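Accompanying notes for the structure given below.
The values are calculated or read from the model by the stated rules, or taken from the named source; none is laboratory data. Here the structure is a predicted model, which means the values were calculated and not measured. Ideal geometry is used to build each Cβ from the backbone, glycine not excepted, and the neighbour counts take in all protein chains shown. In case anyone asks, the SASA skips ligands and DNA or RNA and just uses the protein heavy atoms, side chains included. Shrake-Rupley method; radii C 1.70, N 1.55, O 1.52, S 1.80 Å.
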Amino acid sequence: MNEIISKLNAYYYALLKLLPRITLAIIVLVAGILVAGWVTTLIRKKINARAHDTLMVGFLTKAVKMILIIIIFLFALNLAGLNGISKALFAAAGASAILIGFAFKDIAENFLAGIILAFNRPFDVGDTIKIEDVFGKVITMEFRYTKIDTFDGRSVYIPNSDVLTKPVFNYTEDGFFRTDFVLGIAYENDTNKAKTLIQQCLDDHEELVHDDKHINFVVEDEVAPSTVNLKIYIWISTDDFRRHMLEIRGRVITKTKTLLESNGFNLPAEITELKFYDASKPIKVEQQNSKKEIG
């Protein structure tokens, strides 16, 4: 019993001896975290002023802050006289690196993919992209995932390793997007005249893109059962991809349809032809809950 008491006393006096250093270490740790936040804010402003790249700036500042906090934490341990703990942490990290690598393989892959994407990626914040079945606007990129908000209101978190290894379709990188629609005119109408009217309508529409690279045009697409289908291709700027594109496309459809109708073109509905191969048998028709035979 006396031996236990003597050991507790020894621990108590050792703690009292270390208490000032531990207090100083805590103060340094708290102050260091605050300084790390101030430094990363300053770095964010400096990099953002030169790079103008929201994703890369956010990723780099988070990485710098994490590294600074780890350095401050280890320094605080040494300041408190707990050198053995910091050395033990390094030793444990080295000894368990392989095990951790296998256990957190996906996390490591996503983290490394995030680093690569921070410097070389096919999109930026606000871009409209598609990765497999996910279609929406890029919101942010973290160490492990990229957040995309879909146009039906869902937030999707895609692992960075998938973003890096799978095809990424960027709809807004160059600022232009092509869409199309079909108008069907009657067989007796003049196809060339209809194309000329539609082309003039496209050329005069101010909301469409007009340059040598992005051409709006109309071509014959299909000879359908009841119509000759004309396919209209139009280029639209993608400042606001989803709503902007759909609204302009809708206005162009309305304008071309009205133009054809005002010039005497027919836009017939689909015609269904019924053939009866044995006309000798009567056809039964139900009308107002009564049956009538037609011979």
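Assorted remarks:
- For Lys255, net neighbour charge (Lys/Arg +1, Asp/Glu -1) across residues whose Cβ lies under 13 Å away: -3
- Under 5 Å between amide hydrogens, built in the peptide plane, is the criterion, and for Leu230 it picks out Leu183, Gly184, Ile185, Asp221 among residues at least 5 positions away or on other chains.
- Modelled spin labels at Leu259 and Glu206, positioned 7 Å past Cα toward Cβ, are 1.6 nm from each other.
- Where labels lie 7 Å past Cα in the beta-carbon direction, separation of Ile22 and Ile69 in nm: 2.3
- The orientation-averaged shadow of the Cα convex hull for segment 182-255, equal to a quarter of the hull surface, comes to 5.4 nm².
- Between Asp190 and Ile5, the simple label model (points 7 Å from Cα in the Cβ direction) yields a spacing of 11.8 nm.
- Percent carbon-and-sulfur accessible area, segment 163-257, ignoring ligands, DNA and RNA, probe 1.4 Å: 49
- Looking at segment 184-227, the accessible area is 60 square angstrom per residue; that uses a 1.4 Å probe and ignores ligands, DNA and RNA.
- If a spin label sat at a point 7 angstrom from the Cα of Glu270 along the line to its beta carbon, the backbone N atoms of segment 221-252 nearer than 16 Å would be those of 222-230.
- Sorting the segments 149-157, 165-173, 232-240 by their residues' average number of neighbouring beta-carbon atoms within 10 angstrom, most packed first, yields 232-240, 165-173, 149-157.
- Modelled FRET efficiency - R0 45 Å, His244 with Thr41, Cβ distances, 0.05 increments: 0.85
- Backbone N under 15 Å from the Glu132 label point (7 Å along Cα→Cβ), restricted to segment 155-186: 156-169
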